[in-house]
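**Student:** Sharing a structure with you now.
The values are calculated or read from the model by the stated rules, or taken from the named source; none is laboratory data. Everything quoted here is computed from the prediction, not taken from an experiment. As a convention, Cβ positions derive from the backbone with ideal geometry for all residues, glycine included, and neighbour counts pool all protein chains shown. Side chains are part of the model used for accessible areas, which takes the heavy atoms of the whole protein and leaves out ligands, DNA and RNA. Shrake-Rupley method; radii C 1.70, N 1.55, O 1.52, S 1.80 Å.
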Amino acid sequence: MAEEKVYSLEEVKKHTTSKDCWFVVHGKVYDVTNFVEDHPGGYDAIICNTGKDATANFDEVGHSVSAKKFLQTMCIGKFEGGDSAPAVVEEKKPVAPIPAKKSCCSGCPASCCSIVSLTVAAAIVAGLVYFVKAKQSAK
């Protein structure tokens, strides 16, 4: 069996665009370029983590077993820095509601948080316009 290729952080840092997108999770390097647009958590969730060890962010989200298996299909080799957070074998626990996740967008070119803020602001403005027009037509 062929030995897995080993990549340095410097090499991983060269792949930080939507057209060439790599990151590290649990000591493995993944080329997720073909998955950027299809990620259920959105484009930014991947782009915010490119070119670095994304283990903490990946684990924080609480990906499903099937998502973890799917990630393995994109593995291109080992990370020379090893696993920054070795996987812990967890005993099965009852499923609880998923808490709101922290934003990973600090430093991203297009912040997820600003999109949500703009949507809320637009809804408020639309509500005010409706209220004003309804009041005017009642006169």
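**Student:** In the stretch 38-60, which residues are within 8 Å of the chain's Cα centre (by Cα) and at positive phi?
**Tutor:** Once the filter is applied, which keeps residues that are within 8 Å of the chain's Cα centre (by Cα) and at positive phi, the stretch 38-60 yields only Gly42.
**Student:** Next question. If a residue has to be more than 11 Å from Lys28 (Cβ to Cβ), part of a loop (DSSP other than H, G, I, E, B) and under 16 Å from the mean Cα position of the chain (by Cα) to count, how many in the stretch 61-80 make the cut?
**Tutor:** Qualifying residue count, the stretch 61-80: 3.
**Student:** Can I ask one more? Going through the stretch 33-46 one residue at a time, which ones are open to solvent by 40 Å² or more (accessible area, probe 1.4 Å) and either closer than 11 Å to Lys78 by Cα or among the small types (Gly, Ala, Ser) (or both)?
**Tutor:** Matches in the stretch 33-46: Gly41 only.
**Student:** Being open to solvent by less than 30 Å² (accessible area, probe 1.4 Å) and assigned to a helix (DSSP H, G or I) is the filter here, so list the residues in the stretch 1-32 that pass it.
**Tutor:** Of everything in the stretch 1-32, just one residue is open to solvent by less than 30 Å² (accessible area, probe 1.4 Å) and assigned to a helix (DSSP H, G or I), namely Val12.
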